[in-house]
Every structure is written in C-alpha cells, then in structure tokens.
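See structure below.
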Amino acid sequence: MAVRAVSGCSIFRSASTSSPTLFAFRCCPCHFSRRFSQFSIRFPIFRSDKLVPGHGGLQSSSVHSLVNSVMEELGALRRRRRVRAAKVELTSSGGIVEDKLVNRTLQQGLLLEFKKDSERVLLAVAQRPDGKKNWMVSDQNGVTSSIKPQQITYIVPGVENFDHAEISKFVQSAQENSDSALLEFAWVELLEKNKRVTAEELAEMIFGSVEPLECYCAHVMLSEDEVYFTVLETKGSRSIYGPRPAVQVEELLRRKLVKEAAENELQEFVQLLKSAKAMPLDAKPPKSSWMVEEKIRQKIKSLESYAIDACTNDDQRKMAGMILRAMGMVKTASSALNLLINIGYFPVHVNLDLLKFNIRTDHSDEVISAAESLLSDSYDPDEIERKDLTHLKVYAIDVDEADELDDALSATRLQDGRIKIWIHVADATRFVQPGSIVDREAMRRGTSVFLPTATYPMFPEKLAMEGMSLQQGENCNAVTVSVVLHSDGSIAEYSVDNSIIRPTYMLTYESASELLHLNLEEETELKILSEAATLRSIWRRQQGAIDTATLEARIKVVNPEDPEPIINLYVENQADPAMRLVTEMMILCGEVVATFGSSNNIPLPYRGQPQSNIDTSAFAHLPEGPVRSSALVKLMRAAEIDFRKPIRHGILGLPGYVQFTSPIRRYMDLLAHYQVKAFLFGKSPPFSAGQLEGMASIVNMNARVAKRLFSSSLRYWILEFLRRQSKEKRYRALILRFMKDRIAAILLVEVGLQSSVWVSVGANVGDEVLVRVEEAHPRDDVLFLKEIVIER
C-alpha cells in the first residue's frame, strides 16, 4: 500500500494493481471546494461520519460520494467546453490538426518559452527574425536577445501580439494555478484508458479550458513533472506525454519522499548553522553538541572532511557542496573552514594539518589502563645489576617547557687529567616491554609530537612524566653511558650500564649558559662538561664533521583556543654554549652505543650520512654561522640506516652513530634500548636486523609526518606573530644567498625564520639589510617582505 500526500489530501493506491483505481480519497471538503471553485464545479458538502469497509481498510461513504460528484462535474464541464476546445485545434487555414506534433510557425508577437541556459527557462515575446533561423525575443526580465529555434521549448497557443509588459503577470498566474494534485488525477484516468496527451489536451482535461494560460499551466506541470508522466515523443517545441506505469510511479514517489525528507533535514541543519553563526563567540554551541545526533554528526563531518581535503567518498563531497550552496557560499575548502570557525566548531587557529594527518592526540582507555598498571608495579628486573650513581652531581638541561626529560649529564676530572663523562638516559624499558599493548601504541605513533600549542606524547602522559621521566631530587632508573676522553677529544674507554641516579639540577639552556658565563667555582662539573664539549667539537671537525649551527625559532602559544592567544617567541642560537654542550654529549653517546653494538654484534638502527664531496675551504669566505651553514646544508645527502653494522656519518664526523638519548620521545631510540638492555641482561636481542628494518619503515614514516606537522605549525604561528606586529616595525635580515637576480633568501634574525625579499644593488651574501612586513597571512602561508632602503 502506498500513501501520497498532496495539498491536504491523501490518495491511497495498491501497488499490486495494474490499473490504479482510486480506492479512497480523504480531503478537507472546504479545501476541496476552494481548489475547484475556479472551474465552476458545484457539489454538495456531505457531513456523514458513517464508515464502511473498503479495499485495504476503512472507506468513508461521504467522501466516496464526494469524489463521485466531483468526477461527474469534471466530465460535464469537459463536455460543455469540447466545442470551444476544438476551435483551438484549427490551423490558420481552418483545418483540423491531424498531427499533434505539428509546430506553429514562429511569428512576431507570439508568446514562447525558451531555454536560456542549462538551468533557466524563460518566457519571451517574439520580436523579429535575426538572420535566416534565429529570432530576437524580449524575455520576462526585460532582456532582448537572439535565440535559436532549438532553444524554444513551448509556443503558447491562442496568443497573438502579446504585450511584453504582461509576461510577469502571466507567469505569476501560471504559478498560482499549477497544482501537482491535478496532474495526479489526470494520470489516474489516462493510465486506465492507456492514453497519451499533449499539453493542450491535458489543459482541457483538468481545467476544462484550452485558453493560453491553462495550456501553459499544463505544459509547465508536464515539463517539470518527474513522477507521473514521461515524454514519449518531441518535435521542436511540441511534445507528447504518456502516463508512467503504476509500479514506476510508486517507486518515483518513494524516491521523491526520501529526497524531500533529505532536503528538509538539510534545511534544518542549515538553520542550525545560521543560528550558531549569529551567536556571540562565548555563546556558540560546543563542538561536542554537533556529535550527539547522527544525522547532524554526518553533515558536520562532511564539512570538516571537505575543509581539510580529506573526503573519503563522493557522498561527503556532495553533502558539503549542498550545505555550502544552501549557506550562499562558494564550494571551496576555505569556505567550509570559515563556516566551521564561524559556528564555533573549530577555533580560529585550528591546526588543519593535525586533522589532515590524523595525528593521535589521545590514548585509548585500554592503553591508559595498561600504563597505570605498569606504574603500580614496583618490580625492577634490573635492580640487582644497577650501578648506584646517586653520588654524582647530575645536570638535566632542556627547553623550559619540556615535559619529558630523557637525559642528564655528569662529569669529573680524573687524577691523570683526563675527563670522564656520564650520559644518563631514562630507562623506559623498566616499564614497557616489546609487544605489550603500550609498546604497540608507541610504535604506531613513532614519536612524541611537539607543537607550539600542545605536546602529544608517544606514551600515556602519566607513564611518561611520572614513571619514565627523570625527576629532580628523586632516585631514577637510567641506562648510563660513561666515557673517558683522550686529551684530543677521542674516546679512550667507555661502558654501558643500568644505573640509579638522582638529578641535581633541572636547567634551561638559558640558565645553563648563564651559569657557564658566571664560571662559579661550585659548578666545576658544568665547566668540565663545557670543556669536554669543546674537545669533542674540535676532534669531530678533524674527522670531517661539518658545523651546521644556525638560528631557529621556538614558539609557545598560551590558550591556543582563543581568537587572539598569547604567542611567546624565542630564537635559539645553536652555537650557544649550553646548546653546544648538550649536542656534543648526545653525539658522543650515539658514537659509544654504535661502538658497543658493533663490538657485541647487536642489531641496531645505525645511522649514517654519506660524506658528500664537500670542500669546506671553498666556503671559508662566507661568515661562520647561519650563512655558511645554509650553503653547506644544501649540498648534504640524505641520511641512511643500516641495522647490521655501523656506517660512517660524514656530517657528524663519526665512524658510527645510534640515536639513544630519547627513548620516551622517539620509538627508534626505544628499539635501541630494547636491544642493548637485552644484551646487558645476558639475553639475545628481541629483534633481528630484518625485523628492525621492517619496524623502522613504519616508525620513520610516522616520524616524517610529525616533523612536517611541527614545521608547518611553527611557520603558521611565526606568521601569526608577524601579522600582529606594527607595520612600521623593522627586522634585521641576513642575506643567505641569491635565488634569482636581486631576490635573496634571507634569515630574519629576531624571528628565526627564513624567507625571501628583493634587495637593492650593492647588498651581498652575508650582509644584513632591514626589512618590514608588508603582508602576513598564516592560513594561506603568505609572507611579503620589503627592504627598507636608508638614504645616506
């Protein structure tokens, strides 16, 4: 049984019948009377409430009688007007039209409908011929244009010398008189009789008239109908229509209802968007409120996917396009983004790459639960073997906002004058074992993600911060690499041990540099570390190492969800004494672990970088620092990894190197710990070289994504920082190289950002120029600089 609601009426039909008999017709009598009063149909209004059994349910006898009366009146009306209708069928010569598809000859003053473009159909009055076939017409919008015969879709019959000024009124009247319910009645009768129909015949059938207005109404209803009738034949502007089969109509009605329901849902959703958009910032609905109802969630997710260019199917793209059109917006990713920001779904400074790359920002409940269980377990399998190094003064040096402290340093001068160094690395394997649920999640992440706005740790935060991380004044489990240096900075002896340490100082790079500058007698150990770093740097350069120290920006954003968050910008000089100290000690640790692994045949991720044929003396004319580093970096080749034996790292000037000092932040470091710790425990390494290689391919891919995300986020916030500064502010720019003509690659010294700018004649590589920011658009990654030329 199918139900179709039209104009306050319901028509019930059985889909199983081949002929759609009208079984019951329920309608408000007064409404029915109003609809047909224009056709001079008179019928009694029945008030009986008696119900009698009918086909497929209860049938109202009063309504049944009402329908019979209406149909009788319609039949009588048609008979009375048949002679009048026949007159319209006469040709100009007075003969009866035998062929329903004979086209009228186009002449001045005729009212016609034509196809303006793929979406618009307009009414117009023919004015005059334009060439052999075309005609000049004046349409309902007052526009005169030339049209081709094939553009004409209908010529309104019975019209001559139509007044162009009356078109709009004619169109309005046609719209008021068109009703799909009338089309449905005609379909029922024509299907029973298996008859075809033209627009004029339909007008006579449902209106009892073939006046121009009624004919055009019938044409409009037929041409726009997608349910009841189909075009059987067309010749020029004339068409013959036939009723569709009942089964097909039922299916089309079902589809139409589904489409209408979807359109209603869309409009409701659009109203929600408009309402949220109009709200003040502090009153906008939270993001979670858009996730409650599934239909709303799907639509908002379509917009989100469209905004970040991550639609998984055509349905998402289509839905996003429909929403944007309904909102009066162009169909672009930026439009979707702006809409989501305006309704409060996204913050103003939403990180699109974070969404696009599908970065894991939270750990699952299962992983967090497993991590908490590890924290509560006090068992340490290496407890007996750990060296007690709690007597050493231990320095942990990192950036001030560091959450995960992986490494720390100690030093002393031996009686023979040589320097001994201890590099303490947090023992993450005290808590996590290969193949565990926490380990698998860490491998999927590959690395902690550090952004100006947030840190997304590789391990659950509580496990990383409270369990694994080194804590000031607390006994901490570590893997300690101890090294004794020769006087030239080369390695004299070394050892790798499980240990217990008690970090003495937690220093930032700035505070460590200040302590070194003060040269305090009570901080002798820090001074020894600095001396060791200098020896190592000199020794590595002698082995072919290349110094690539430069200036780098570091940003911390406070309250990033705010439209105007606080941006704290720092510029780090990698040549800073404290930074050089830490860098040299980390490189030293990597060399020792590579040597240790090679000596004991341990499969490890041995990193190397083929020595490029770089003659550093050829760059001696360039200023040491960022300018020279920039020139050298462009010549360097990509790094390589071997999992069986060390390979030379030409840039570092080492015979072998293994990253080992960040097991809480980098999974490849954790793999090295698994391998070394197994050897120290007297067991075989958990992974073969082949297994390491397979795991590394996944981990390194995720690490590259994280690095790219960090770079794009850092640049976004630097541009946002510059956008907020005064337009008159001047910046020092160091010329790194010339790219083309006078366009130079430069380094903004106070910002730590590389960019480009046109510089005047006379400026050379290594010179400083002054520039100002003309435009900065972080969302579009646009920065325009202009040199400030000082008149002398």
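Go through (1) assigned to a helix (DSSP H, G or I); (2) open to solvent by 30 Å² or more (accessible area, probe 1.4 Å); (3) more than 30 Å from LEU709 (Cβ to Cβ) one by one and return the number of the condition LEU266 breaks.
All conditions are met except number (2).
Only one of SER688, SER697, SER760 is touching a residue at least 24 places away in the same chain (Cβ under 8 Å) and closer than 30 Å to PRO605 by Cβ; which?
Of the residues listed, the single one that is touching a residue at least 24 places away in the same chain (Cβ under 8 Å) and closer than 30 Å to PRO605 by Cβ is SER688.
It is to be established whether one or more residues within region 335-343 are within 30 Å of LEU463 (Cβ to Cβ) and surrounded by 19 or more Cβ atoms within 10 Å (Cβ to Cβ).
no
Out of all the residues in region 619-649, which are buried (at least 16 other Cβ atoms within 10 Å of the Cβ) and of a type in the set (A, V, I, L, M, F, W, C)?
PHE619, LEU622, VAL627, ALA631, LEU632, MET636, ILE641, PHE643, ILE647
Search region 147-193 for residues being in a loop (DSSP other than H, G, I, E, B) and free of Cβ contacts under 8 Å to residues at least 40 places away in the same chain, and hand back the single one that is most open to solvent (accessible area, probe 1.4 Å).
Residue satisfying both the conditions and the ranking: LYS148.
Could you identify the single residue in GLU514, GLU510, GLU525 that is under 46 Å from the mean Cα position of the chain (by Cα), part of a helix (DSSP H, G or I) and touching a residue at least 40 places away in the same chain (Cβ under 8 Å)?
Result: GLU510 is the single residue among GLU514, GLU510, GLU525 that is under 46 Å from the mean Cα position of the chain (by Cα), part of a helix (DSSP H, G or I) and touching a residue at least 40 places away in the same chain (Cβ under 8 Å).
State all residues of region 430-467 that are assigned to a helix (DSSP H, G or I), of a type in the set (A, V, I, L, M, F, W, C) and open to solvent by less than 20 Å² (accessible area, probe 1.4 Å); if no residue qualifies, say none.
VAL438, ALA442, LEU463, ALA464
Filter region 370-398 down to residues that are of a type in the set (A, V, I, L, M) and over 24 Å from SER482 (Cα atoms) and give me whichever is least open to solvent (accessible area, probe 1.4 Å).
Here the answer is ALA371.
Restricting attention to region 399-429, report how many residues are touching a helix residue (DSSP H, G or I) at 6+ places or on another chain (Cβ under 8 Å), in a loop (DSSP other than H, G, I, E, B) and open to solvent by 30 Å² or more (accessible area, probe 1.4 Å).
Looking only at that region, the number is 3.
Quick one: which residue in LEU252, LEU257 is in a helix (DSSP H, G or I) and either in contact (Cβ under 8 Å) with a residue 12 or more places away in the chain or aromatic (Phe, Trp, Tyr) (or both)?
Of the residues listed, the single one that is in a helix (DSSP H, G or I) and either in contact (Cβ under 8 Å) with a residue 12 or more places away in the chain or aromatic (Phe, Trp, Tyr) (or both) is LEU252.
What do you reckon, is ARG536 modelled with pLDDT under 95 and part of a helix (DSSP H, G or I)?
No.
Specify which of the listed residues (ALA703, ALA745) is crowded, with 16+ Cβ neighbours inside 10 Å, touching a residue at least 12 places away in the same chain (Cβ under 8 Å) and over 21 Å from THR429 (Cα atoms).
ALA745
Kindly provide the set of residues from region 718-730 that are part of a helix (DSSP H, G or I) and open to solvent by 10 Å² or more (accessible area, probe 1.4 Å), ordered by number.
Within region 718-730, PHE721, ARG723, ARG724 meet the criteria.
Kindly provide the set of residues from region 472-491 that are among the polar types (S, T, N, Q) and free of Cβ contacts under 8 Å to residues at least 40 places away in the same chain, ordered by number.
Scanning region 472-491 gives no hits.
Are there any pairs, at least 6 apart or on different chains, whose C-beta atoms fall under 8 Å, with the first in region 409-425 and under 19 Å from VAL479 (Cα atoms) and the second acidic (Asp, Glu) and open to solvent by 10 Å² or more (accessible area, probe 1.4 Å), and if so, which?
Pairs found: SER410/GLU525; ALA411/GLU525; THR412/GLU525; ILE423/ASP407; HIS424/ASP407; VAL425/ASP407.
For region 150-181, enumerate the residues that are among the aliphatic types (A, V, I, L, M) and touching a Phe, Trp or Tyr at 6+ places or on another chain (Cβ under 8 Å).
ILE152, VAL156, ALA174
For the condition open to solvent by 40 Å² or more (accessible area, probe 1.4 Å), in contact (Cβ under 8 Å) with a residue 40 or more places away in the chain and within 30 Å of LEU748 (Cα to Cα), what is the one hit in ARG502, ARG554, ARG541?
Selected residue: ARG541, the only one of ARG502, ARG554, ARG541 that is open to solvent by 40 Å² or more (accessible area, probe 1.4 Å), in contact (Cβ under 8 Å) with a residue 40 or more places away in the chain and within 30 Å of LEU748 (Cα to Cα).
For every residue, the table says whether it meets (1) over 23 Å from GLU233 (Cβ atoms); (2) modelled with pLDDT under 90.
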{"residue": "LYS100", "(1), (2)": "no, yes"}
{"residue": "LEU110", "(1), (2)": "no, no"}
{"residue": "ASP139", "(1), (2)": "yes, no"}
{"residue": "ASN161", "(1), (2)": "yes, no"}
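I need the full set of residues from region 108-146 which are without any contact (Cβ under 8 Å) to a residue 24 or more places away in the chain, farther than 22 Å from VAL210 by Cβ and not in a loop (DSSP other than H, G, I, E, B), in order please.
LEU122, GLN127, ARG128, PRO129, ASP130, ASN134, MET136, THR144, SER145, SER146
The values are calculated or read from the model by the stated rules, or taken from the named source; none is laboratory data. Everything numeric here is computed off the predicted structure, so don't read it as measured data. Neighbour counts run over all protein chains shown; Cβ positions are idealised from the backbone, glycine included. Quick note on the areas: whole protein, heavy atoms, side chains included, nothing else; ligands and nucleic acids left out. Shrake-Rupley method; radii C 1.70, N 1.55, O 1.52, S 1.80 Å.
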